[in-house]
1. Of all residues in segment 94-152, which are at positive phi and charged (D, E, K, R)?
2. Which residues, taken from segment 71-89, are over 27 Å from Leu150 (Cα atoms) and buried (at least 16 other Cβ atoms within 10 Å of the Cβ)?
3. Looking only at segment 32-41, which residues are part of a loop (DSSP other than H, G, I, E, B) and of a type in the set (A, V, I, L, M)?
4. May I ask you to list the residues in segment 100-149 that are of a type in the set (A, V, I, L, M), closer than 13 Å to Leu166 by Cβ and either crowded, with 19+ Cβ neighbours inside 10 Å or in contact with a Cys (Cβ under 6 Å, 6 or more places away or on another chain) (or both)?
5. Tally time: how many residues in segment 1-24 are more than 8 Å from the chain's Cα centre (by Cα), of a type in the set (Gly, Ala, Ser) and over 14 Å from Phe118 (Cβ atoms)?
6. What are the pairs, 6+ residues apart or on separate chains, where a residue within segment 183-208 that is closer than 14 Å to Thr17 by Cα has its Cβ under 6 Å from a residue that is buried (at least 19 other Cβ atoms within 10 Å of the Cβ) and basic (Lys, Arg)?
7. How many residues, within segment 14-31, are assigned to a loop (DSSP other than H, G, I, E, B) and modelled with pLDDT under 95?
8. Considering segment 71-125 alone, what residues qualify as being of a type in the set (Val, Ile, Thr) and not in a helix (DSSP H, G or I)?
Amino acid sequence: MPVIVVANPKGGVGKSTLATNLAGYFASRGHAVMLGDVDRQQSARTWLGLRPAGLPRISTWETTHDDIVRPPKGTTHVVLDTPAGLHGKRLDDVLKIADRVLIPLQPSIFDIHATHDFFRQLAAHKRTARLKLAVVGMRTREGTIATEQLRGFLGTMQEPTHEAELPLLGFVRDTQNYVHLAAHGLTLWDVASARFERDLEQWQPITAWADA
């Protein structure tokens with residue numbers, strides 16, 4: 001049972017967007033998916049409450065702020081959304097059940113520097129050696145200086161991660177599509193519209209990594 005943790009201690013970087021759409025992808029493939037939420041804001045749980053009946057099912061389970069447990073039997077895929085400020089014991093607890101960690105990162109100098117510290121925490125963590133790590137650039141605009149700075153920054157990240165690979169899977173563009181989908185409890189895989197084709201293309205390397 002793969003457990004994918006979407007994590008970055010920096011707030012507002014797109015964790016819930018990645019987590020909900022990744023859960024939606026697994027559900028669209030017929031998997032028994034559980035979307036966990038250890039964020040005090042409970043963004044993923046709120047989103048699940050908006051999800052229309054009749055769509056591929058995405059379940060959740062109770063995770064308290066003091067205890068993170070494995071989901072119930074019968075689950076085939078898990079996506080775990082995490083809070084801003086994730087560190088210390090909370091990070092330890094999350095990594096205990098994780099198989100993979102997906103790190104969203106925006107092309108902002110403030111986000112880049114804050115996330116750099118998180119990379120170093122992961123590099124030093126005893127469980128990192130058994131995890132698959134990857135980064136997704138969020139809310140990016142191709143051809144901008146900020147996006148190129150993000151590419152350059154990630155190119156320097158092999159040294160801090162030591163033996164852990166930290167591939168850049170791709171970029172998720174800055175679009176209102178995700179805002180509109182989230183407002184109705186939907187994902188890219190719940191709609192059939194040409195307006196989402198470009199977004200689905202951007203997700204191909206992300207879903208390939210999740211499936212591998």
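1. Arg139
2. Pro71, Thr75, His77, Val78
3. Of segment 32-41, the ones part of a loop (DSSP other than H, G, I, E, B) are 32, 38-41.
Matches in segment 32-41: Ala32, Val38.
4. Val101, Leu102, Ile103, Leu105, Leu122, Leu133, Ala134, Val135, Val136
5. 3
6. Final answer for the pair search is Gly185/Arg51.
7. Of the residues in segment 14-31, 1 are assigned to a loop (DSSP other than H, G, I, E, B) and modelled with pLDDT under 95.
8. To start, the set of residues in segment 71-125 that are of a type in the set (Val, Ile, Thr) comprises 75-76, 78-79, 82, 94, 97, 101, 103, 109, 112, 115.
Once the filter is applied, which keeps residues that are of a type in the set (Val, Ile, Thr) and not in a helix (DSSP H, G or I), segment 71-125 yields Thr75, Thr76, Val78, Val79, Thr82, Val101, Ile103.
The values are calculated or read from the model by the stated rules, or taken from the named source; none is laboratory data. Model, not experiment: these values are computed from the prediction. Heads up, the Cβs are rebuilt from the backbone with ideal geometry, glycines too, and the neighbour counts pull from every protein chain shown.
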